[in-house]
Every structure is written in C-alpha cells, then in structure tokens.
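Worksheet: the structure to be examined is printed underneath.
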Amino acid sequence: MKIKLECHEANHICDKNQYKEASFWEKVKLTFHLIYCRACREYTARNNKLTKAVKNPEVKTFSSADKNALKEKLHQELSK
Amino acid sequence: MPTNEIHPELWVDRYSDYLYNYTIVRVNDHEIAQDLISETFLAGLKSKDNFKGESTERTWLISILKRKIIDYYRKINSNKGKAEVRVTYSDGDQEGDWLEERIRDPFDKTAEDKLENEELGMAIFGCLDGLPEKQARIFRMKTIDGFDTEAICNEFDITPSNLWVIIHRARKAMADCLESNWF
C-alpha cells in the first residue's frame, strides 16, 4: 500500500478528520505527509482552528424547534 | 447600483443565528433574545415596503433589531427603581445581594476572553452568510448541526465525494473569511 499522499488527498483526509471520520491508516498517512509538506501543514492548522472556533460553546444557535415556530409565525403573518 | 430584494420566507434560515448572536451579547438572556428577534422579523414584515434595497437585507434587519434592543433597555431601565426596593440584606455573616456586590470582578481574567468568544459567533455567521447558498447550508448541517454524511447526501441527492468537495470549499472560504475578520 502506498504511503505517500498527493496534497489533495491529504487535504481530503484532513477535512474528514475534522469530523472524526478518518480511519487510523488515513491519519498515519496524513501525519507522514505533513512531515514534509509545508502547504498542507498550514492548511491543517487553519482547518483545526476553524473547527475549534465553530465548536466554541459561546457560538450559540437557535434550536430547530424554535426556528420552526418562528417560521410558522412569519408564515401566518405573510398570508394575512 | 444593484438593488437588493427581500425574501421574508428565507429570513429564519438565513439570519436568525446571526441576529441571535448579535442579540445575546447585548441582552444576555435566551428568552428575551428570541422574543426580540421574532419582533424584529415581524416588524420587518410590516415595513417591508419601505425597504429601498440600498443595503443588504441583513443590514436592514440589524438596524431594526438595534431599535428593538434599545427599546428593551429603556423598558428595563424604568423598572430599576422598583428593583432597588427589593434588594435586602439577609441576616448574619452572609453577604447581601446589593447590586454593588454583584458586579463582575474587575480582576476576572476570563472576562475579556468571554467577550471575544461572544463576538466570535457573529463573525462565524457573518462569514457563513457570504458563502454560496448551497455551500452554506451543507456546511451548517455538517459542522454545526452535526448531521451524518449519509443523511446530507440523501437530502441534497449528491454523492459523498461531491459532499466532501463542497465541504472543502466551504471550509476554505470560511477560514479565509475568519482569517481576515477574526483570527
């Protein structure tokens, strides 16, 4: 099995890894790729930063139930 | 100058999270923030004929929301006199609940961090708004709402590799946008 990745493959694995969907072997290959590829190291760092930012508990969202209620309300108002 | 049109039926999906993050920093209460936003949307509906299309929808909605928040401040301000009467010292060595004793500790190290975190939400949803519609929706579902790859693929009728390409582009755009506005 080949161990060297192309950069676009490495980025794909990195994207998957943000959602914990990369397999162990993929992660090994990614780590190996990052040793010698500067551009991908930068991409990975940025990607991790983005994931951390979105996961931040202060980033709040509406629950979908609340959203639907709000939509319903607007819809009623619209059809008046 | 291109004029902007308004689509009230898309408001909730597009702007509610952005407006929510804007509001929660200012009123610090989930229920109140929600009420203010629904009031904003309703007010927007009523005056949608006044929308001249010179600004984007989002800017326009924020300006309505600002008024609503100011109104809310006025309202609680007029209640202040009453609140003060209720403040009493409970007995013994317990500390009372005077307002002076409840203010934030000025040496609290996390205070500033917290403020930054609160603004982060706005930055994220602001950037998300700049993405193409489909990318933004898929990115949201995958990253924020945490749906499975499979569920999203079914909903949009795309293959997983399509999905990953879209996610990749969205992440790249988001990182660029946050980089210039945030990090």
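Here is a yes/no grid of residues against (1) of a type in the set (S, T, N, Q); (2) at pLDDT 90 or above; (3) surrounded by 15 or more Cβ atoms within 10 Å (Cβ to Cβ); (4) in contact with a Phe, Trp or Tyr (Cβ under 7 Å, 6 or more places away or on another chain):
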{"residue": "A:ALA10", "(1), (2), (3), (4)": "no, yes, yes, no"}
{"residue": "A:GLU21", "(1), (2), (3), (4)": "no, no, no, no"}
{"residue": "A:PHE24", "(1), (2), (3), (4)": "no, yes, no, no"}
{"residue": "A:TYR36", "(1), (2), (3), (4)": "no, yes, no, no"}
{"residue": "A:LEU50", "(1), (2), (3), (4)": "no, no, yes, no"}
{"residue": "A:ALA53", "(1), (2), (3), (4)": "no, no, yes, no"}
{"residue": "A:ASN68", "(1), (2), (3), (4)": "yes, no, no, no"}
{"residue": "A:LEU78", "(1), (2), (3), (4)": "no, no, no, no"}
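Just the residues that are under 12 Å from the mean Cα position of the chain (by Cα) and surrounded by 16 or more Cβ atoms within 10 Å (Cβ to Cβ), please, taken from the stretch B:26-57. Correct list: B:ARG26, B:VAL27, B:ALA33, B:GLN34, B:LEU36, B:ILE37. Determine whether B:ASN77 is within 13 Å of the chain's Cα centre (by Cα) and in a helix (DSSP H, G or I). Answer is no for this residue.
Selection of the stretch B:133-155 for residues being more than 25 Å from the chain's Cα centre (by Cα), surrounded by 15 or more Cβ atoms within 10 Å (Cβ to Cβ) and more than 11 Å from every other protein chain (Cβ to nearest Cβ) yields only B:CYS153. In the stretch B:38-60 there is at least one residue matching the filter, namely being touching a Ser or Thr at 6+ places or on another chain (Cβ under 6 Å), at pLDDT below 75 and more than 30 Å from B:ASP145 (Cα to Cα).
Condition check ((1) closer than 22 Å to A:GLU9 by Cβ; (2) in contact (Cβ under 8 Å) with a residue 12 or more places away in the chain) across all residues:
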| position | (1), (2) |
| --- | --- |
| B:ARG140 | no, yes |
| B:PHE147 | no, no |
| B:ASN154 | no, no |
| B:ILE158 | yes, no |
| B:ASN162 | yes, no |
| B:ILE166 | yes, yes |
| B:ALA170 | yes, yes |
| B:CYS177 | no, yes |
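The values are calculated or read from the model by the stated rules, or taken from the named source; none is laboratory data. Please read these numbers as outputs of a predicted model, since none were measured by experiment. When we count neighbours, we look across all protein chains shown, and the Cβ atoms used for this are built from the backbone with ideal geometry, even at glycine.
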